[in-house]
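Asks: One structure is given below, represented as structure tokens, and several questions about it will come after.
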Amino acid sequence: MASHKSALKAHRQSLKRRARNRIVKGHVRGAIKRTRAAIAAGDLTAAQTLLREAVSHLDRAAKKGVLHPNNAARRKSRLMKLLNRAAAGR
């Protein structure tokens, strides 16, 4: 455990950041999971709405520095590709 005053403060800050980041990542995971489930169920109108929500969560996470911008872009691309394939296969 840290013993210097500055190290103790840094540890407290890291715990706060970790809690905040976990919340953001949880929202991202949930949004992606809901989108994938809608696509798998074949409900494309709901999937489009959920995709918009997932993209919003991913952009927000990238903006806050929780996810790397390229990571968010890759996930968005894969989700959109999945939805487009499902729409083309109708």
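Asks: Could you compute the FRET efficiency for Lys63 and Asn84, with r as their C-beta to C-beta distance and R0 at 30 Å, rounded to 0.05?
Replies: Result of the calculation: an efficiency of 0.75.
Asks: May I ask you to compute the full-extension gain from Ser14 to Asn71, defined as 0.36 nm times their residue separation minus their alpha-carbon distance, rounded to one decimal in nm?
Replies: 18.3 nm
Asks: Along each of its three principal axes, how wide is the spread of alpha-carbon positions in the chain, in whole angstrom units, largest first?
Replies: Rounded to whole Å, the extents work out to 63, 21, 17 Å.
Asks: Related question: Quick one: helix 5-41 against the long Cα principal axis of the chain, what's the angle to the nearest 10°, folded into 0 to 90?
Replies: 10
Asks: With an 8 Å Cα cut-off and a minimum separation of 6 or more residues, compute the relative contact order for the range 15-90 in percent.
Replies: Relative contact order, the range 15-90: 32 percent.
Asks: In whole Hz, with x marking every Gly and Pro, tabulate ³J(HN,Hα) for the range 45-52 from phi via Karplus 6.51 cos²θ - 1.76 cosθ + 1.60, θ = phi - 60°.
Replies: 5, 5, 4, 5, 5, 5, 5, 4
Asks: In degrees from 0 to 90, rounded to the nearest 10, what is the angle of the helix 69-88 Cα long axis to the longest principal axis of the chain?
Replies: 20
Asks: Quick one: which residues, 5+ away or cross-chain, put their amide H under 5 Å from the amide H of Leu67? H built at 1.01 Å from N.
Replies: Hits under the 5 Å cutoff: Ala62.
Values quoted throughout were computed directly from the atomic coordinates according to the rules given, and no laboratory measurement underlies them. All figures in this text were calculated on a predicted structure; none of them were measured in a lab. So basically every Cβ, Gly included, is an ideal-geometry build from the backbone, and we count neighbours across all protein chains shown.
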